[in-house]
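Here is the structure we will look at, set down as structure tokens.
The values are calculated or read from the model by the stated rules, or taken from the named source; none is laboratory data. The model shown is predicted, which means the values in this text are computed figures rather than measured ones. Backbone-built Cβ (ideal geometry, glycine too); neighbour counts: all protein chains shown. SASA here: full protein model, heavy atoms, side chains in, ligands and nucleic acids out. Shrake-Rupley method; radii C 1.70, N 1.55, O 1.52, S 1.80 Å.
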Amino acid sequence: MIDLRSDTVTRPDAAMRQAMMDAEVGDDVYGEDPTINALEARVAVLLGHEAGIFCPSGSMTNMLGVAALVAPGWELIAESQAHVLRAEAGGHAALAGVTSRTWVSPDGTFTAADALALMSRPRGYHQVGTAAISVENTHNFGGGRIVDIDELRTLRRETAAAGVAVHMDGARLLNACAATGISADEYGRQADTVSLCLSKGLGAPVGSVLVGSAEIIEKTRLLRKRYGGAMRQAGILAAAGLYALDNHVDGLSDDNAHARQLADALAATREGIVDPETVDTNIVFLDLSDLAVDAEQFAAQAAERNVRVSVMGENSVRLVTHRDVSPEQIDTAAEVLTSLV
């Protein structure tokens, strides 16, 4: 089975498992797990910040980052398809009392002006003020689009002047770095808090790190405990993240290239199903509107031919390339999917 549903399906290889087995551990609630401490410091430096906190999931690091920046009843602004609003079970509202408004980007690209136009200061006790803006880089439901660095710089400059914070959902930020050549710390410095997932393209079995100032990260340690995310001898998990940063970053360029290969093959087979020029990284969305089958039927037919894809809407499916899909399997997947469309 060639699994293109998500890059979260990656599994730790033998060398990563050995690194996990050999990890030095301690009680992280007491701050005594040396492997977790090393991972947190490593990712903080990587993303240009003072400190980091290791969490079980990207949803938790996003929720901690936003909650640290947005007081209950205040507002977070994000794109209408943002993961923080669409795919985190309403956690920001349910757990932190965060309200939200959205702008719409039809093709998943980010323009600072769209976000800034929504930014609002409270006028009277009845109006909600904007506390933070969330940017997703790369944008998952936007098709893996990369946020332009100049747009981020503009956002950072204008929000700083207005006293509004920026959170970056950087779950797949290193895919953007692989595609653009822009360093992770250059992207990271454009936000007050940044979340980086280890369990997607990097191939670790679990975990995400949130970075920010030492003051913000200290605040999130209380929030992590409150949300049930404090862990004990989790250095076994952190070791996988360190191994991934040492050994799996270079492979993200291959994942990006494989996604473009699939998009090119499908676009050449059927006009309108995908525009390869919109495939920035390792995510491909297919528009099935002109096919005789809906997304559920298409996914079922692909699975019968040993290719798994994700259903994202009535007429939309998603393909995500990752390190557990070989070049030969990409060729096979391309043959199967082109035959279906």
* Asked: Checking Gly108 against (1) of a type outside the set (Phe, Trp, Tyr); (2) under 30 Å from Lys225 (Cα atoms); (3) crowded, with 18+ Cβ neighbours inside 10 Å; (4) at pLDDT below 95, which single condition isn't satisfied?
  -> (2)
* Out of Ala239, Ala259, Ala303, Ala334, sole residue that is out of contact with any Lys or Arg (no Cβ under 8 Å at 6 or more places or on another chain), within 30 Å of Ala14 (Cβ to Cβ) and in the same structural domain as Leu47 (by the TED database) -> Ala239
* Asked: Looking at this structure, is Leu198 open to solvent by less than 30 Å² (accessible area, probe 1.4 Å), touching a residue at least 24 places away in the same chain (Cβ under 8 Å) and of a type outside the set (Gly, Ala, Ser)?
  -> yes
* Long-range neighbours under 6 Å by Cβ, at least six apart or interchain, first residue in contact (Cβ under 8 Å) with a residue 40 or more places away in the chain within segment 1-29, second open to solvent by 30 Å² or more (accessible area, probe 1.4 Å) and part of a helix (DSSP H, G or I) -> Ile2/Gln329; Asp3/Val9; Met16/Tyr243; Ala19/Tyr243; Met20/Ile236; Ala23/Ile236; Glu24/Pro34
* Structure fact -> Of the residues in segment 120-149, those that are modelled with pLDDT of 95 or more, of a type outside the set (Gly, Ala, Ser) and more than 22 Å from Asn256 (Cα to Cα) number 2
* Residues of segment 57-93 classified as more than 14 Å from the chain's Cα centre (by Cα) and over 17 Å from Leu118 (Cα atoms), total -> 12
* To do: Hand me the list of strands (runs of 3 or more DSSP E) wholly inside segment 226-324 holding 2 or more residues that are surrounded by fewer than 20 Cβ atoms within 10 Å (Cβ to Cβ) and under 23 Å from the mean Cα position of the chain (by Cα).
  => 310-313
* Could you check how many residues of segment 11-21 are open to solvent by less than 50 Å² (accessible area, probe 1.4 Å) and outside any helix (DSSP H, G or I)? => 1
